[in-house]
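Here the structure comes first, spelled out in structure tokens, and everything after it is commentary.
FYI, it's all coordinate maths here, none of it is from the lab. This one's a predicted model, so the numbers in the text were calculated from it and none came from an experiment. Here Cβ is always computed from backbone atoms with ideal geometry, including for glycine, and neighbour counts include all displayed protein chains.
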Amino acid sequence: MRKMHLVSVLVTIAAALQSTFGFAQQSHWASPDDKTAQYMIDMERKWAEGVCVDNGVVSDLLADDFQGTSTTGARFTKSDELRDEKAPRSARNCGLDKTTVRFFSNTLAIVYGSEHATGKDKTRPDAKVCQIWTDTWLKRNDKWQIIASQDNRVKCN
């Protein structure tokens, strides 16, 4: 009897798991006309351009609990980015390069992108600096914001 009960419990658990995973939302790449993806890419563009000009994008773009990792491996917060946004700028020719958006649910997306700027490296003011990054977006209270980022410096093409 005990063995029958155990089998019954295991079958019920297996069915519940299959049901749960069977209905899990599949991830998908954003289509070119996806309005949410267009908004994210536009905000990413403004953040990339913010290295050259104070456009005030950080306040709305980053969640209060945002955590980033710089190209040197240092952690930074929204407060750090707000401080940097107000600092004097020597960079120029800032821009966003290739960017793609992948949705994992109605409230979670990852944006993969790259950007460039000249003069961002203070030790080489005329050098073009390029980086690739991954930003995690979360929708809370009907508002999409970046909650995490990972930046990597790469050789410019």
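Below are the figures for this structure:
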quantity: Residue-wise HN-Hα coupling along the range 144-157, computed from phi with Karplus coefficients 6.51, -1.76, 1.60 (Hz; x: Gly, Pro); calculated: 7, 9, 7, 9, 7, 8, 9, 10, 9, 7, 9, 5, 6, 7
quantity: Theoretical FRET efficiency, 1/(1+(r/R0)^6), r = Cβ-Cβ of Phe76 and Gln26, R0 41 Å, to 0.05; calculated: 0.80
quantity: Inter-probe distance in nm under a simple model that places probes 7 Å from Cα toward Cβ, at Lys98 and Asp64; calculated: 3.8 nm
quantity: Vicinal HN-Hα couplings computed from phi for the range 68-74 (Karplus, 6.51 cos²θ - 1.76 cosθ + 1.60; Hz; Gly/Pro x); calculated: x, 10, 7, 5, 9, x, 6
quantity: Approximate spin-label separation Ala127-Arg140, in nm, with each point projected 7 Å along Cα-to-Cβ; calculated: 3.7 nm
quantity: Stretch gain in nm, segment Thr36-Arg83, where the contour uses 0.36 nm per residue and the Cα spacing is subtracted; calculated: 14.1 nm
quantity: Highest to lowest packing among 140-146, 40-46, scored as the average C-beta count within 10 Å; calculated: 40-46, 140-146
quantity: Reciprocal of mean inverse Cα separation for the range 66-133 (Kirkwood radius, Å); calculated: 13.9 Å
quantity: Listed residues Trp137, Val101, Pro88: farthest to the positive end of the dipole of the range 87-140 (Cβ charges); calculated: Pro88
